[in-house]
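Engineer: Questions regarding the structure given below will be posed in turn.
The values are calculated or read from the model by the stated rules, or taken from the named source; none is laboratory data. Note that the structure is a prediction, hence the values are computed from the model and not measured. Methodologically, a virtual Cβ is constructed for each residue, glycine included, from the backbone with ideal geometry; neighbour enumeration extends over all protein chains shown.
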Amino acid sequence: MTATRSEYCVIACAEAWRDAGEILASPMGLIPSVGARLARLTFSPDLLLTDGEALLVRPDGTPEGWLPYRQHLALVTGGRRHVMMGASQIDRYGNQNISCIGDWARPKRQLLGVRGAPVNTLNNPTSYWVPRHSRRVFVEKVDMVCGVGYDHAAGARFHRIPRVVSDLGVFDFDTPDRSMRLASVHPGVTVEQVREATGFELAVPDEVPYTREPTAEELELIREVLDPADTRAREVGA
């Protein structure tokens, strides 16, 4: 079975929670949600999933436990949650902006607002999902720091950005200065395409692998169990 671009993105998101153990996954967005549920069903069976309110749930949404708000905050501030958020802007050190475009005092565009991004990024691992990779998103410097990057996180005990996933590839910060590195490209994408769509100079190794292929079992789970309506294609094209 040939995987689509959206299915490679699901796999790349799922890998963020590989062998995570008993931590709370907080995926924000369709493809990260499918990825987290896939991870739970395959290589991360101890992963905790939430309905976003007060319950722990199985991948099919069936309740399996209670998660009161006080306990949720204990997981958030103790490094026992791994969030995957979106980003209106993200820069070379992983600073994320979801608040506004332009000067915060007189913004050109008002977005979601800072919300919980500072607490998320300083207190538990945070990855990012970007469905449309472009220079408008991958910028030299974010207009406002909401999610905290490596150049602003000194002394934060649980700060970590495991990965950034876009519709073009996977990125990490495994460099001496903790700047963004191209870790893999999705099949059909070239390194030059990624460079052209990025507004800063990426760290690029001599050899860049392709994002791993989904197994036959994973494709069956994605297509028949987790997202039979193929809603993932709305976020990422063929």
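Engineer: When region 81-117 is examined, which residues are found to be closer than 20 Å to His133 by Cβ and hydroxyl-bearing (Ser, Thr, Tyr)?
Structural biologist: Those that are closer than 20 Å to His133 by Cβ and hydroxyl-bearing (Ser, Thr, Tyr): Ser88, Tyr93.
Engineer: Might you let me know whether region 138-152 holds any residue that is under 22 Å from Ser33 (Cβ atoms) and either surrounded by 15 or more Cβ atoms within 10 Å (Cβ to Cβ) or aromatic (Phe, Trp, Tyr) (or both)?
Structural biologist: yes
Engineer: Find all pairs meeting these conditions: Cβ atoms under 8 angstrom apart; at least six residues apart or on different chains; first residue within region 114-126 and at positive phi; second residue outside any helix (DSSP H, G or I) and not β-branched (Val, Ile, Thr).
Structural biologist: Going by the 8 Å Cβ cut-off, the qualifying pairs are Arg115/Cys146.
Engineer: What number goes with the only condition from (1) touching a residue at least 40 places away in the same chain (Cβ under 8 Å); (2) among the hydrophobic types (A, V, I, L, M, F, W, C); (3) touching a strand residue (DSSP E or B) at 6+ places or on another chain (Cβ under 9 Å) that Leu41 does not pass?
Structural biologist: Of the numbered conditions (1) touching a residue at least 40 places away in the same chain (Cβ under 8 Å); (2) among the hydrophobic types (A, V, I, L, M, F, W, C); (3) touching a strand residue (DSSP E or B) at 6+ places or on another chain (Cβ under 9 Å), the odd one out for Leu41 is (3).
Engineer: I need every pair where a residue in region 157-181 that is free of Cβ contacts under 8 Å to residues at least 12 places away in the same chain has its Cβ under 7 Å from the Cβ of a residue that is of a type in the set (D, E, K, R) and surrounded by fewer than 19 Cβ atoms within 10 Å (Cβ to Cβ), sequence separation at least 6 or different chains.
Structural biologist: Asp172/Arg181; Asp174/Arg181
Engineer: Something else now. Restricting to region 6-29, name every residue that is modelled with pLDDT of 95 or more and surrounded by fewer than 19 Cβ atoms within 10 Å (Cβ to Cβ).
Structural biologist: Scanning region 6-29 gives a single hit, Arg18.
Engineer: Output the number of residues of region 197-211 satisfying the condition of being surrounded by fewer than 13 Cβ atoms within 10 Å (Cβ to Cβ) and either within 25 Å of Arg40 (Cβ to Cβ) or in contact with a Cys (Cβ under 9 Å, 6 or more places away or on another chain) (or both).
Structural biologist: 0
Engineer: For region 36-53, which residues satisfy the criterion of being loosely packed, with under 14 Cβ neighbours inside 10 Å and out of contact with any Asp or Glu (no Cβ under 8 Å at 6 or more places or on another chain)?
Structural biologist: Just the residues of region 36-53 that are loosely packed, with under 14 Cβ neighbours inside 10 Å, to begin with: 45-46, 51-53.
Pro45, Asp51, Gly52, Glu53 - these are the residues of region 36-53 that are loosely packed, with under 14 Cβ neighbours inside 10 Å and out of contact with any Asp or Glu (no Cβ under 8 Å at 6 or more places or on another chain).
Here is a yes/no grid of residues against (1) surrounded by 18 or more Cβ atoms within 10 Å (Cβ to Cβ); (2) outside any helix (DSSP H, G or I); (3) out of contact with any Gly (no Cβ under 9 Å at 6 or more places or on another chain); (4) on the phi > 0 side of the Ramachandran plot:
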residue: Asp174; (1), (2), (3), (4): no, yes, yes, no
residue: Ala183; (1), (2), (3), (4): yes, yes, no, no
residue: Pro214; (1), (2), (3), (4): yes, yes, yes, no
residue: Val236; (1), (2), (3), (4): yes, yes, yes, no
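Engineer: Still on this structure: Kindly provide the set of residues from region 80-137 that are acidic (Asp, Glu) and modelled with pLDDT of 95 or more, ordered by number.
Structural biologist: Across region 80-137, the qualifying residue is only Asp91.
Engineer: Look through Val170, Val194 and report the one residue that is buried (at least 19 other Cβ atoms within 10 Å of the Cβ), outside any loop (DSSP other than H, G, I, E, B), modelled with pLDDT of 95 or more and touching a helix residue (DSSP H, G or I) at 6+ places or on another chain (Cβ under 7 Å).
Structural biologist: Every option except Val170 fails the conditions.
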